[in-house]
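Take a look at this one; I'll ask things after.
What follows is calculated from the coordinates using simple rules that are stated; it is not laboratory data. It should be emphasised that the depicted structure is a prediction, and the values quoted were computed from it without experimental measurement. Virtual Cβ from ideal backbone geometry, glycine too; neighbours counted across all protein chains shown.
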Amino acid sequence: MSAQLGRRNDLGLGQGLALKLLTAFCMLLLLAPLVVLVVYAFNDSRQVTVWQGFSLKWFAVTLQDREIWFAFRNSLIIGGLNAVLATILGTMAALAIARHRFAGRQGFLNLLHYPVLLPEIIIGIALLVLFVLLDVPRGFGTVVAGHVTFSFPLVALLVLARVGAMSRTLEEASLDLGASRWQTYRFVILPALAPAIVSGVLFCFTLSLDDFVITLFTASPDVTTLPLKVYSMVKFGLTPVINVISVLLILFTLTVLLAIHWLQKEGPHQRWGIRLAGVMVAALAVLMATSIVAERRQETLVIANWADYIDPELLREFESSTGVRVIMTHFSSDEEMLAKVSFGRPGIDLAMATPVSMEILRKSGLIVPFDGERIPNLRYIDEDFRHLGSDPTGTYSVPYAYGLNGILYNTRMVEGPITSWWAMWDERYAGRLIMLNDMMEAFWLAHHLLGYRLQDQRLDHLDEAYALLKKQRPLLRKYESDLVNDMLLSHEAVMAQAWNGQAHKLSSEHPEYRFVVPEEGASLFIDSLVLLASAPNPDAAHRFIDFLLAPERSSQNMEAILYPMPNATARALLPPEIRDDTTIFPAGVDGKRLNIMSDPGDFRRQIQGRWERLLAE
Amino acid sequence: MLALNAISKRYGDVSVVEPLDLVIDEGEFFCILGSSGCGKTTLLRMIAGFDRPTAGRIMLDGVDITDVPPNHRDVNTVFQNYALFPHYRVYDNVAYGLKVRKTPEAEIRDRVAAALELVGLSGFERRMPAQLSGGQQQRVALARALINRPRLLLLDEPLSALDRKTGEQMRQELADLQARSGITFVFVTHNQAEALSMASRVAVMNRGVFEQCSTPFELYQRPQTRFVGDFVGSMNFFQGVVTEVSPDRLGVEVLGQSRIERRGASDLAPGDTVVFGLRPEQLRVSLLAPKDYENGFFGQIERTLFLGEATQLSVRLKSGERIDVKVPNYLMLEDKVMGLEQNEDVWVVWSKGSGVVLHA
Ligand SMILES: Nc1ncnc2c1ncn2[C@@H]1O[C@H](COP(=O)(O)OP(=O)(O)OP(=O)(O)O)[C@@H](O)[C@H]1O
Ligand SMILES: [Mg+2]
């Protein structure tokens, strides 16, 4: 198209060597991260930064993941709808501003800059508040509305720049030659604006595809988009699945771009191509839209969960045996889960809660007790886990899985066996130790090692604990929670505080890594399912939990997620290599030495101050 | 055919076109001549329908079209910058007017071919406008307008972007085209040569008013205002006083000398102050005093300016005034006019019938 807008020249601007080098450098800077990302998608290892050999297995894993497909489909639908709606609105806004005089025109023009000027998070919150106030249930509609809100002004600005550059006499010439206003728009103005409109479409589509913040605030649980999905996956450590998704996305975008480039060339093939592409895109849109509408008719059960924290096979089985569709919505922190379930009408039935967040939900009346009568399989839950401190009656929560915090180390590089937490203070490994990036865990451990209890909330004890951690600080590589395995595998570190589930992912593939729960004891996390007061389908929620607790299913689930569940009958059914794995089920663990973290209340501020000083060092 | 009744245009406080009347006849090649910014385009835009007159009516074939939108006026325009559609090929540009009127495809093809043939651009159908020279673009614009066979074709300085040679060639072609098609042309220009060579009638426009509207010959030979005399060609002006008026004689005293002039406005009375105008090419230089059928001033050659087809002498008169004389080149000896030197004393001479007498 550009060739039609101005004559070419032969000045040869931009052919100097310096400019070429600079360009090459910029390209390198731009592309280097992408290249790394793509290469590691073909890595055999489950670590994202340690090369172990070529493999396509992560592609298989990714393509088989039903939730990724759903997320991708949702992203496409939202991106497509946004591209169409925002481009139409944006173009109309630009034409209105450029070609008509009306009251408030200047104000409108200035307002168009707001998405550029306002932080995205503010727009997101504003939209959320608006939807809650209007009592609009969140879903596809609200996400698309949100995306259109921030992307149509960008289209308008794009088109406006183009309209501004367009000579008015073209319109006059068209009218002069007998064309009506409508024909003038169609034959002259729109074609002249076509490059801007096409970029607008692409721009909106990619903005939508990339958007995280606004989607987070406007989406309902069943409308997980790809960025939301990827983000929730990051929580459980980066895996090459994320690289694979990126590679597929890059391929997808490239295809679209090349197709558009080809379509923009003039010629008979292209004309047919454009028509064909238009028909196909329209058909696809209709198909997708109807598939959503069809899904909507079905009975659904919505669960807020950590990513990869339930066996998808079980979901399928439940769906086919009950006809209820299970929708997972993922979060990546307790805080996010709390936010998810406490605004407006979240449309969530069950949520995975830690003891701390369960207490908060219970106090604010956001959860209700289960009806034990309707969950006969509750009897399989281990007695120790029935009446946790945060749920003394045992009716508000159903314990799901737990994990232990211990030491993960490289037996080839650390003189073992390790049995005590004091190994984390061993100066021989200075600079190669990792502690979890978790304030509560660090201060609990320091208190515990000193013979104190964090729950006592004593400042003098806290100061001693701080001194102990301060002493450890110079020995640490860093406080890190997400990339522990990668750092161990690359020998950047030799020993780390880690959760057993995470440790198992490393030790199962690399037997030289060992996980122990030190003799002083360790911290325990428990995830429990809670029933939301606003649950749209509490009946299905009860049925689902009963389904899940059946020992053979619990066993299957444990085998899939590799976290222990408080279900002794189920554990007995596990294949021996899992049942006897000391990482998944650490040996010599008895209830007394295990800590379940509770909310420190106002004392948190005291801990926080000291933690920040540690981090700053 | 086209009649403008007291139309005027104001932008806020600025009056761009003063109320003016004009009647253009069927088949005329009408020229509007004026300097830059005098309101030519504004006037044309009102006729085409892009701008609404502040007051007055526009009639086409006896129908009031003042409020008719441009796409319903049987008028087409060739724009000052051509305004070709950059995203369409030459063919689609030319076919545009027919296409929007839903003309059958076959007829469009024939008429486009004919129109391109007419402007000499056969074979350029598949070019994009950016791949054409200025002159070719101008022809496409012309074909695009002519193909609709309008009652009236408006042309806004279509030749101003062309070099002189091409421009002159196009003048000829335009005049032929107009004659053949029989379409009424209203042609706007600031180039007097274009106006004089093509037009059947010329209106000279100055600051939103018509100073004079007549045939090219009349315009040149009998300018009615000092502006017209000066703008069309060039003219030496002198203050004068009427001394004698009779049906076939007009006496004017200029620079203390009595000159007898036969031509000029006849509503003058003795004692009126007037402007006396002489075109440089009506004058000659001579070493001899004027004969009795001639008039003359005596002065000194101050400057010589070689123009190519002629040479212009500036002669300073005794009274201090300067007068330009254009001398044809057949009088040149080497690079001098009749061997005359700088500062040489000469007579500037003209026959008594030459010159115009205008109201002061
Ligand atoms: N929209 C407007 N608002 C105010 N003044 C205007 C407007 N449009 C034109 N003018 C003024 O009107 C006058 C006549 O403009 P016009 O375009 O008719 O000139 P023109 O005779 O076509 O000149 P040119 O030979 O340079 O094309 C100019 O002085 C111009 O500044
Ligand atoms: Mg003009």
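Taking a label point 7 Å from the Cα of B:D74 along the Cα→Cβ vector, which residues of the range B:112-149 have an amide N closer than 16 Å to it?
Answer for the range B:112-149: B:146-149.
Quote the convex hull volume per residue of the protein assembly as shown, based on C-alpha atoms, as a whole number of Å³.
Hull volume normalised by residue count: 273 Å³.
Here's a follow-up. Going 7 Å from the Cα of B:A161 along its beta-carbon direction, which residues of the range A:164-207 have the amide nitrogen within less than 16 Å of the resulting point?
Counting backbone N atoms under 16 Å from the label point, the list is A:166-174.
How tilted is helix B:134-146 with respect to the longest principal axis of chain B? Cα atoms for both, answer in degrees (0 to 90, nearest 10).
Once rounded, one gets 60 degrees.
Right, another one. Calculate how many DSSP beta bridges within chain A are antiparallel, expressed in % of all such bridges and rounded to the nearest 5.
On the way: 23 of 39 bridges.
About 60 percent, rounded to the nearest 5.
Relative to the first principal axis of the alpha-carbon coordinates of chain B, what is the inclination of helix B:105-118, with its axis defined by its Cα atoms, in degrees from 0 to 90 and to the nearest 10?
20 degrees
Calculate, in whole percent, how much of the Cα-Cα pair population of the range B:234-359 lies beyond 20 Å.
Working: 3367 of 7875 pairs.
Distances greater than 20 Å cover 43 percent of the Cα pairs.
Compute the whole-percent fraction of alpha carbon pairs in the range B:1-65 spaced more than 20 Å apart.
Across the range B:1-65, Cα pairs with separations above 20 Å total 23 percent.
Using r as the Cβ-Cβ distance of A:E313 and A:D44, and R0 as 30 Å, what FRET efficiency do you calculate, to the nearest 0.05?
0.75
What ranking do A:M233, B:M1 get, fewest neighbouring Cβ atoms within 10 angstrom at the top?
Taking fewest neighbouring Cβ atoms as first place, the list is B:M1, A:M233.
Sort out for me the Cα centre separation of the range A:56-77 from the range A:362-411, rounded to whole Å.
32 Å
Using 1/(1 + (r/R0)^6) with R0 = 45 angstrom and r between the beta carbons of A:K20 and B:M59, what's the FRET efficiency to the nearest 0.05?
Computed FRET efficiency for A:K20 and B:M59: 0.10.
Which of B:F306, B:F85, A:F212 comes first, and how do the rest follow, when ranked by fewest Cβ neighbours within 10 Å?
Placing the least packed residue first, the sequence is B:F306, A:F212, B:F85.
Could you work out how far apart the two model spin labels at A:H491 and A:D580 are, taking each label as a point 7 Å from the Cα in the direction of the beta carbon, and quote it in nm?
3.2 nm
What nm value, rounded to one decimal, do you get for the distance between A:L257 and B:R109 when each label is placed 7 Å out toward the C-beta?
Each label point is offset 7 Å from its Cα along the Cβ direction, giving 4.1 nm.
Give the order of A:T582, A:T142, B:T273 when sorted by the count of other beta carbons within 10 angstrom, beginning with the fewest. If you can, show how the numbers build up before the last one.
On the way: A:T582 16, A:T142 23, B:T273 12.
Least to most surrounded, the residues fall as B:T273, A:T582, A:T142.
Find the percent of Cα-Cα distances in the range B:2-230 that exceed 29 Å, and round it to a whole number.
Of the Cα pairs, 27 percent sit more than 29 Å apart.
Roughly how tilted is helix B:164-181, in degrees to the nearest 10 and between 0 and 90, from the longest Cα axis of chain B?
Its long axis makes an angle of about 60 degrees.
With n ≥ 4 as the cut-off for DSSP H runs, can you work out [θ] at 222 nm for the protein assembly as shown, using -39500 (n - 2.57) per run divided by the number of residues, rounded to the nearest 500?
Mean residue ellipticity, 222 nm, calculated: -13500 deg cm²/dmol.
Pulled fully out, how much extra length does the chain show between B:E244 and B:R52, if you take 0.36 nm times their separation in residues and subtract their Cα-Cα distance?
64.2 nm
A follow-up question, please. Take the Cα pairs of the range A:409-527, get the Kirkwood Rh, then feed it into Stokes-Einstein at 10 °C and 1.306 mPa s and tell me D in µm²/s. Write out the running numbers ahead of the final one.
Values: Rh = 14.7 Å.
Answer, rounded: 108 µm²/s.
Only helices at least 30 Å long along their axis, Cα-based, and averaging -0.5 or more on Kyte-Doolittle count here, so list those DSSP H runs from chain A.
The answer, listed by residue number, is A:17-41, A:66-99, A:140-165, A:240-264, A:268-297.
Calculate, in nm to one decimal, what A:R453 and A:V35 gain on full extension: separation in residues at 0.36 nm each, minus their alpha carbon distance. Working shown, then result.
Numbers: separation 418, 0.36 × 418 = 150.48 nm, distance 4.95 nm.
So the chain would gain 145.5 nm between A:R453 and A:V35.
With θ set to phi - 60°, apply the Karplus curve 6.51 cos²θ - 1.76 cosθ + 1.60 along the range B:17-30 and write out the HN-Hα couplings as whole Hz, x wherever there is a Gly or Pro.
With the stated coefficients, the range B:17-30 comes to 10, 7, x, 9, 10, 7, 10, 10, 8, 3, x, 6, 10, 9 Hz.
Modelled label-to-label distance, B:V23 and A:R345, 7 Å Cα→beta-carbon offset: nm?
7.7 nm
Under the rule of at least 5 residues apart or a separate chain, name every residue whose amide H is placed under 5 Å from the amide H of A:V326.
HN-HN under 5 Å from A:V326: A:L301.
List the aspartates and glutamates whose Cα sits under 13 Å from the Cα of B:K336, skipping any in the same chain fewer than 8 residues away.
Filter leaves B:E344.
Roughly speaking, what is the stretch gain from A:V132 to A:T395, that is 0.36 nm per residue apart minus the C-alpha to C-alpha distance, in nm to one decimal?
91.7 nm
Hey, could you grab the Kirkwood Rh for the range A:505-617? Inverse mean 1/r over distinct alpha carbon pairs, Å, one decimal.
It is 17.6 Å.
Most mobile of B:D61, B:D230, B:D335 per a Gaussian network model of chain B (Cα springs, under 10 Å)?
The residue with the greatest mean-square fluctuation here is B:D335.
Enumerate the whole-percent occupancy of each 10 Å bin, from 0 to the last occupied one, for all C-alpha pair distances of the range A:63-294.
7, 27, 33, 23, 9, 2, 0
Can you tell me which lysines have their Cα less than 16 Å from the Cα of A:K229? Leave out same-chain residues fewer than eight positions away.
A:K340
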